[in-house]
Amino acid sequence: MRRVYEAALGEHIATHRQMVMLSGPRQVGKTTSSRASAPDHRYFTWDRQSDRLLITRGPDAVADDLDLHTARSTSKSVIFDEIHKYRKWRSFLKGFFDVYGDRSTVIVTGSARLNVYRRGGDSLMGRYFPYRMHPLSVAELGSAELSESEIRGPVRIDRSALETLLELGGFPEPFLKGTRRFTNRWRRLRAELLFREDLRDLTRIQETGQVQVLAELLAHRAGQLLNYSSLAGEVNVSVDTIRRWITALESLFFCYTVRPWFRNVPKSLRKQPKVYLWDWSGAADAGARRENLVASHLLKAVHWWTDLGLGEYGLFYLRDKLRREVDFLVTRDGEPWFLVEVKSSASRSLSRHLHYFAGQLQVRHAFQLVFDLDAVEADLFEHETPVRVPALTFLGQLV
């Protein structure tokens, strides 16, 4: 399956000198897309002993292996996978890029956020561009081509693709297998790697069993406000420990948080975030799973648009002390752009809260996404008043 990230990485390699820093969850397709975008490449992974030995000998040893010292050497593509597990990885990359960057194209991939674990070494500022890789989405199933604008034109996508995404998630392997039995086994193995290997190797957290209990609680709270005190009581640790553990789970791409937007919103909530899962199929409740799927599509879009340099984009939710709420707000360059409210059924009338916040924030677009509406071949972003729209069509216009 071709991913849209292959086109982005291929364009980067052709036009930029900076390294690629490609981060994302385990098994989301980082290595596959990196190798596809640079067909003639050399691949090093920290998980292979021979590669570890070579990398720890330093940049010159790797350059010797790549034959970059000879006068006849030509530019080569190099992929360093999971190198963030090396304590001196930043110093290694800086040294390699500063000396051999004019003779190589470097792609660095990792299943932990590469800007989080700063275990010494010099800054890589100016030497790389970040790209954040997400699971499959409705729009990516329709087209894997780069778009010059944020919003795509309407595309025709089979409803069964959305149903499969909703049921099995967007990670490529379980999606392509298409069976619940395989997905259950795949998810169990992924969880074991996350909690028994990544959490142990990349953090100082020893209580992996309790962190796994916390993760299960978060899966049952997908789409809900985070109540740190309640979670602390259930896991039997302090509130500060819960905050630290959730930050660790975010850095390992288990979950992410969406914070409230409070500018121009009287009596707005200001602190409590909502929590969502990277693998939305793990959300316990069907309604929460739909909301989580939409949240993940929107997060993928704002990351994609930002990483491509189209502007600065953000994802928030809206809620005030009068309990008026809209699920999502997308901002562009610090200003509200469009609102999204998620509904399962078309029988629901247009949300009064959507109308209220659309007027309060003066957004250009306000959508009530409905999952059981049939897709339409129309550009939904032509609407400039609050409107009910098919979820399938709306999601197909993102990334």
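The values are calculated or read from the model by the stated rules, or taken from the named source; none is laboratory data. Quick caveat, the model's predicted, so the values are computed rather than measured. All Cβ positions, even for glycine, are placed from backbone atoms using ideal geometry, and neighbour counts span all protein chains on display.
Among the residues examined, ARG190 qualifies as under 17 Å from the mean Cα position of the chain (by Cα), assigned to a helix (DSSP H, G or I), among the charged types (D, E, K, R) and in the same structural domain as ALA283 (by TED's automatic domain parsing). From the list VAL387, VAL376, the one residue that fits, being more than 26 Å from the chain's Cα centre (by Cα), among the hydrophobic types (A, V, I, L, M, F, W, C), modelled with pLDDT under 95 and closer than 21 Å to LEU293 by Cα, is VAL376.
Mind listing just one residue for me: the one in segment 14-28 that is crowded, with 19+ Cβ neighbours inside 10 Å and β-branched (Val, Ile, Thr) and, of those, nearest to ARG103 (Cα to Cα)? By that ranking, first place goes to VAL20.
Mind listing just one residue for me: the one in segment 105-115 that is at pLDDT below 95 and more than 18 Å from PHE195 (Cα to Cα) and, of those, surrounded by the fewest Cβ atoms within 10 Å (Cβ to Cβ)? Here the answer is ASN115. Anything in segment 220-278 that is without any contact (Cβ under 8 Å) to a residue 24 or more places away in the chain and among the aromatic types (Phe, Trp, Tyr)? List them, or say none. Passing the criteria: TYR228, PHE262.
Among the listed residues LEU339, LEU361, which satisfies the condition of being outside the structural domain of GLU11 (by TED's automatic domain parsing), surrounded by fewer than 23 Cβ atoms within 10 Å (Cβ to Cβ) and among the hydrophobic types (A, V, I, L, M, F, W, C)?
Working: LEU339 fails: surrounded by fewer than 23 Cβ atoms within 10 Å (Cβ to Cβ).
Checking each option against the conditions leaves just LEU361.
Only one entry of THR56, THR31 meets the criterion of being in contact with a strand residue (DSSP E or B) (Cβ under 8 Å, 6 or more places away or on another chain), surrounded by fewer than 19 Cβ atoms within 10 Å (Cβ to Cβ) and at pLDDT 95 or above, and that entry is THR31.
In the condition set (1) outside the structural domain of ASP60 (by TED's automatic domain parsing); (2) of a type in the set (Gly, Ala, Ser); (3) not in a loop (DSSP other than H, G, I, E, B), SER147 is compliant with all but (3). Considering segment 59-70 alone, what residues qualify as being modelled with pLDDT of 95 or more and touching a Phe, Trp or Tyr at 6+ places or on another chain (Cβ under 6 Å)? Across segment 59-70, the qualifying residues are PRO59, ALA63.
When you go through PHE80, PHE97 one by one, which is the residue that is in contact with a Phe, Trp or Tyr (Cβ under 9 Å, 6 or more places away or on another chain), of a type in the set (Phe, Trp, Tyr) and in contact (Cβ under 8 Å) with a residue 60 or more places away in the chain? Break it down stepwise before answering.
Numbers: PHE80 fails: in contact (Cβ under 8 Å) with a residue 60 or more places away in the chain.
The conditions single out PHE97.
Restricting attention to segment 213-258, report how many residues are assigned to a loop (DSSP other than H, G, I, E, B) and in contact with a Pro (Cβ under 6 Å, 6 or more places away or on another chain). Selection size over segment 213-258: 2. Here LEU373 meets the list (1) in contact with a Pro (Cβ under 7 Å, 6 or more places away or on another chain); (2) more than 24 Å from GLU163 (Cα to Cα) almost entirely, failing just condition (2).
Scan segment 203-212 for residues that are touching a helix residue (DSSP H, G or I) at 6+ places or on another chain (Cβ under 7 Å) and part of a helix (DSSP H, G or I) and report the count.
4
Kindly indicate whether any position in segment 235-246 is within 14 Å of the chain's Cα centre (by Cα) and among the acidic types (Asp, Glu).
Taking every residue of segment 235-246 in turn, none turns out to be within 14 Å of the chain's Cα centre (by Cα) and among the acidic types (Asp, Glu).
Consider segment 201-214 and keep the residues that are at pLDDT 95 or above and surrounded by fewer than 20 Cβ atoms within 10 Å (Cβ to Cβ). The one that is farthest from the chain's Cα centre (by Cα) is GLN210. The set of residues from segment 189-203 being more than 13 Å from SER281 (Cβ to Cβ) and of a type outside the set (Asp, Glu) comprises LEU189, LEU193, LEU194, PHE195, ARG196, LEU199, ARG200, LEU202, THR203. Do we have any residue at all in segment 180-201 that's over 25 Å from TRP304 (Cα atoms) and of a type in the set (S, T, N, Q)? Scanning segment 180-201, I find at least one residue that is over 25 Å from TRP304 (Cα atoms) and of a type in the set (S, T, N, Q), so the answer is yes.
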